[in-house]
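Working notes for the structure below.
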Amino acid sequence: MEEFSNRPDQIEPERSGEQNTLAEPYSPYPLISPVAAAFLGLIGGFILYQFLGGLMTLLIFGFDLEAAPVNGLRFMTIIGQFLFIMLPALFFSKWIYGDISKIISLKLPNWKVLVLFVLGIVILTPLLQSYLFIQNYFIEQWAESSQFINSIKFLLDSLNELIEKTFGNLIRADNVAEMILVIITISIVPAICEEIMFRGYIQRSFGFRFKPHIAVILTALFFALYHFNPYGLIPLVIIGFYLGFAAYTSQSLVIPIILHFLNNFFAVVLYFLIGDDELFKSNVTDDVALNTNVVYFILLLFLFIVLMFLIRKNYKKTKIAQEI
């Protein structure tokens, strides 16, 4: 993909003598460096959500989380997302930059752009599922021929099993009311809170010091690492990049929030269709299924690349129209 072009609201700070000032009219003097601000959000959000949120869960439900009421854990997840991810992003945006609305933009997007991006996530979901199958197949082959790789795979499988248990408990539903709560917990709340933090506060902060594509890539990498999913690391980076590209192109968080919701919603639907054994499976040895997934991967990748060019073409037309 060609490098993103700088936009007026994504320009790098201008230097004036020995004093650095942001060219943004709403925030000429941020309290700290934008890069430091981004890492403050990353570290603060990570510590608050993963450790403080985990501590609160242990204090309320004890160490045997499997015996804890699953709806209680879902409500704790929702509360943790709002308190430890979204709220810090809003607080840091106001405290450091002075104007939340200029960092966290929720303006309505062009409907044509929205449709194109939604088509992209519809293609990207099965594309990454095929990639995961191919990736895990070759990891399995390498593990059989190398003791070192096998040792690493053992550790990854242990972490993957923990993720499977945690996610599986949260996503399992026995009735319609519980299914609605699952969608709220897994799809709606993370889409809002994580996009405000990552594509909003963090990507915008990186964007004040780096070129747009660097800001998008950095945010995508940290977004993937934040989710603690070893086998899903590369797919998470790709999804994060796509969400960041959507945020940059539309200059709004509305499209990334919708895409994030759809991605998580598809995961919920996929879980109910194929079960947790298939969704989280890391031991793959089926040669016939490998060939099928390679074909799917190539076809879907081609469609996705074509769609990305269409999005870029539409973005350039919109940009030219805005400048006239």
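The values are calculated or read from the model by the stated rules, or taken from the named source; none is laboratory data. Worth saying up front: this structure is predicted, and the values here are computed from it rather than measured. For neighbour counting, all protein chains shown are included, and Cβ atoms are generated from backbone atoms with ideal geometry for every residue, glycine included.
Of the residues screened, L127 is not one that is in a helix (DSSP H, G or I), more than 21 Å from the chain's Cα centre (by Cα) and not acidic (D, E).
When S205, S158 are checked against the criterion of being among the hydroxyl-bearing types (S, T, Y) and touching a residue at least 24 places away in the same chain (Cβ under 8 Å), S205 stands alone in meeting it.
Looking at segment 231-249, is at least one residue of a type outside the set (S, T, Y) and either more than 18 Å from V216 (Cα to Cα) or at pLDDT below 85 (or both)? Yes: segment 231-249 contains one or more residues that are of a type outside the set (S, T, Y) and either more than 18 Å from V216 (Cα to Cα) or at pLDDT below 85 (or both). Check segment 67-81 and report whether any residue there is over 19 Å from I163 (Cα atoms), in a helix (DSSP H, G or I) and not polar (S, T, N, Q). Among the residues of segment 67-81, at least one is over 19 Å from I163 (Cα atoms), in a helix (DSSP H, G or I) and not polar (S, T, N, Q), which makes the answer yes. When segment 31-45 is limited to residues that are outside any loop (DSSP other than H, G, I, E, B) and in contact (Cβ under 8 Å) with a residue 60 or more places away in the chain, the one that is farthest from S205 (Cα to Cα) turns out to be G45. Take Y226 and tell me if it is modelled with pLDDT under 95, crowded, with 18+ Cβ neighbours inside 10 Å and among the hydroxyl-bearing types (S, T, Y). The answer is yes for Y226. Checking each residue in segment 188-221 for being crowded, with 22+ Cβ neighbours inside 10 Å and of a type in the set (F, W, Y) picks out F198, Y201, F206, F208.
If we scan segment 274-290, do we find a residue that is at pLDDT 90 or above, surrounded by fewer than 18 Cβ atoms within 10 Å (Cβ to Cβ) and not in a helix (DSSP H, G or I)? Spell out how you get there, then give the answer.
Step one: of segment 274-290, the residues at pLDDT 90 or above are none.
Taking every residue of segment 274-290 in turn, none turns out to be at pLDDT 90 or above, surrounded by fewer than 18 Cβ atoms within 10 Å (Cβ to Cβ) and not in a helix (DSSP H, G or I).
The single condition from (1) free of Cβ contacts under 8 Å to residues at least 24 places away in the same chain; (2) in contact with a Leu (Cβ under 9 Å, 6 or more places away or on another chain); (3) of a type in the set (V, I, T) that I152 fails is (2). Among the numbered conditions (1) over 19 Å from M197 (Cβ atoms); (2) assigned to a helix (DSSP H, G or I); (3) touching a residue at least 24 places away in the same chain (Cβ under 8 Å), the only one that F245 does not meet is (1).
Out of the residues in segment 78-106 that are more than 16 Å from I47 (Cβ to Cβ) and out of contact with any helix residue (DSSP H, G or I) (no Cβ under 7 Å at 6 or more places or on another chain), state the one that is modelled with the lowest pLDDT.
The qualifying residue modelled with the lowest pLDDT is K102.
Being of a type in the set (A, V, I, L, M) and modelled with pLDDT under 70: is that true of A23 here? Spelling it out, A23 is indeed of a type in the set (A, V, I, L, M) and modelled with pLDDT under 70.
So which of N160, N110 is touching a Pro at 6+ places or on another chain (Cβ under 7 Å) and farther than 27 Å from L40 by Cβ? I'd like the intermediate steps shown before the answer.
On the way: N110 fails: touching a Pro at 6+ places or on another chain (Cβ under 7 Å).
Sole residue among the options that is touching a Pro at 6+ places or on another chain (Cβ under 7 Å) and farther than 27 Å from L40 by Cβ: N160.
Given the structure, is I180 assigned to a helix (DSSP H, G or I), without any contact (Cβ under 8 Å) to a residue 60 or more places away in the chain and surrounded by fewer than 19 Cβ atoms within 10 Å (Cβ to Cβ)? Considered against the rule, which asks whether it is assigned to a helix (DSSP H, G or I), without any contact (Cβ under 8 Å) to a residue 60 or more places away in the chain and surrounded by fewer than 19 Cβ atoms within 10 Å (Cβ to Cβ), I180 comes out as yes.
Only a single criterion out of (1) more than 17 Å from the chain's Cα centre (by Cα); (2) assigned to a helix (DSSP H, G or I); (3) charged (D, E, K, R) is not satisfied by E194, namely (1). The set of residues from segment 84-109 being farther than 27 Å from F51 by Cα and of a type in the set (K, R) comprises K102, K107. Taking the criterion of being within 11 Å of the chain's Cα centre (by Cα) and of a type in the set (K, R), the only residue of segment 197-222 that qualifies is R199. Annotation note: Cβ proximity below 7 Å between a residue of segment 84-98 that is closer than 12 Å to A37 by Cα and a residue that is among the hydroxyl-bearing types (S, T, Y) and crowded, with 24+ Cβ neighbours inside 10 Å (sequence gap 6+ or interchain) occurs for A89/Y201; F92/Y201; S93/Y201. Answer with yes or no whether G168 is more than 13 Å from the chain's Cα centre (by Cα), crowded, with 18+ Cβ neighbours inside 10 Å and not hydroxyl-bearing (S, T, Y). Taking the combined requirement at face value, the residue does not satisfy it.
Would you mention how many residues in segment 135-155 are surrounded by fewer than 16 Cβ atoms within 10 Å (Cβ to Cβ) and in a helix (DSSP H, G or I)? First the steps, then the outcome.
Step one: filter segment 135-155 for residues surrounded by fewer than 16 Cβ atoms within 10 Å (Cβ to Cβ), giving 138, 141-142, 144-152, 154-155.
Going one step further and asking which of them are in a helix (DSSP H, G or I), we end up with 138, 141-142, 144-145, 147-152, 154-155.
Final tally of qualifying residues: 13.
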